[in-house]
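The structure appears below as structure tokens.
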Amino acid sequence: MISYEGERTRLRPLRKSDMERSIVWRNTPEIRENAQGFRFPVTERMEERWYESALDDQSRTRVVFAIETTDDATLIGFIYLHQIDWISRRCQFGISIGEKEFQGKGMATDSMVLLFTYAFECLNLKKICLEVAAFNETDISLYKRFGFVEEGVLKEHLYLENRYHDVSVMRIFDKEFREKHSNA
């Protein structure tokens, strides 16, 4: 099985058995809001269909990995590239560390180094983009420390908790990643 291992985390392909944890995470309000994703409760059948589409995806526009710890293989989240544009060599990025006890412990950074090395070296991508709610200062700080640069702001782009919020659009180029993470 293909996997990529860092100091703290390992990226591996999804397994149907991962669904047991992911449905809990996707129904956790803080995770759902920060992901700017599906706003309705996620049922087992909905999650099953998502897994089936991810496991059977032949579109070549999405890569999804499970994140697990290197010490005991605990599933702690997911990391992915989507909307891959092979001609422009760019994509969108997302990550979710679902297990609270592993948040803020460097797991996201370790996983991002693994995924971005794969994206820039194996997939030959040039630019990775993301969108993050402007109020999410923790994630914005992480992305800036990692090397992401803000390209712009989508004004009043996200409606959440009875008000509109700005969304920050960020990016990192392959060259910037290599300079910042030269040991990657």
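Here are some notes:
- Long-range neighbours under 8 Å by Cβ, at least six apart or interchain, first residue over 24 Å from Leu158 (Cα atoms) within the range 117-133, second loosely packed, with under 15 Cβ neighbours inside 10 Å and at pLDDT below 95: Thr117/Ala184
- Residue match in the range 20-31 (condition: of a type outside the set (Asp, Glu), farther than 18 Å from Leu142 by Cβ and exposed (fewer than 13 other Cβ atoms within 10 Å of the Cβ)): yes
- Filter result for Tyr80 (open to solvent by 30 Å² or more (accessible area, probe 1.4 Å) and in contact with a His (Cβ under 9 Å, 6 or more places away or on another chain)): no
- Count of the range 48-72 residues, restricted to those that are surrounded by 15 or more Cβ atoms within 10 Å (Cβ to Cβ) and either more than 28 Å from Lys105 (Cα to Cα) or among the aromatic types (Phe, Trp, Tyr) (or both), is 3.
- Selection of first residues in the range 87-102 that are assigned to a loop (DSSP other than H, G, I, E, B) and of second residues that are open to solvent by 80 Å² or more (accessible area, probe 1.4 Å), restricted to Cβ pairs under 7 Å at least 6 apart or on distinct chains, gives the following pairs, ordered by first then second residue: Arg89/Asn124; Arg89/Lys126; Gly98/Arg21.
- Members of the range 152-166 found to be among the aromatic types (Phe, Trp, Tyr) and either out of contact with any strand residue (DSSP E or B) (no Cβ under 6 Å at 6 or more places or on another chain) or at positive phi (or both), listed by number: Tyr159
- Qualifying residue in the range 1-14 (condition: open to solvent by 70 Å² or more (accessible area, probe 1.4 Å), assigned to a loop (DSSP other than H, G, I, E, B), modelled with pLDDT under 85 and in contact with a Lys or Arg (Cβ under 7 Å, 6 or more places away or on another chain)): yes
- Here Thr43 fulfils each of the conditions (1) among the β-branched types (Val, Ile, Thr); (2) in contact with a strand residue (DSSP E or B) (Cβ under 8 Å, 6 or more places away or on another chain); (3) loosely packed, with under 13 Cβ neighbours inside 10 Å apart from (2).
Residue-by-condition table, conditions (1) at positive phi; (2) assigned to a strand (DSSP E or B); (3) of a type in the set (A, V, I, L, M); (4) open to solvent by less than 20 Å² (accessible area, probe 1.4 Å):
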residue	(1), (2), (3), (4)
Asn124	yes, no, no, no
Glu131	no, yes, no, no
Thr138	no, no, no, no
Arg145	no, no, no, no
Glu150	no, yes, no, no
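The values are calculated or read from the model by the stated rules, or taken from the named source; none is laboratory data. This one's a predicted model, so the numbers in the text were calculated from it and none came from an experiment. Backbone-built Cβ (ideal geometry, glycine too); neighbour counts: all protein chains shown. In case anyone asks, the SASA skips ligands and DNA or RNA and just uses the protein heavy atoms, side chains included. Shrake-Rupley method; radii C 1.70, N 1.55, O 1.52, S 1.80 Å.
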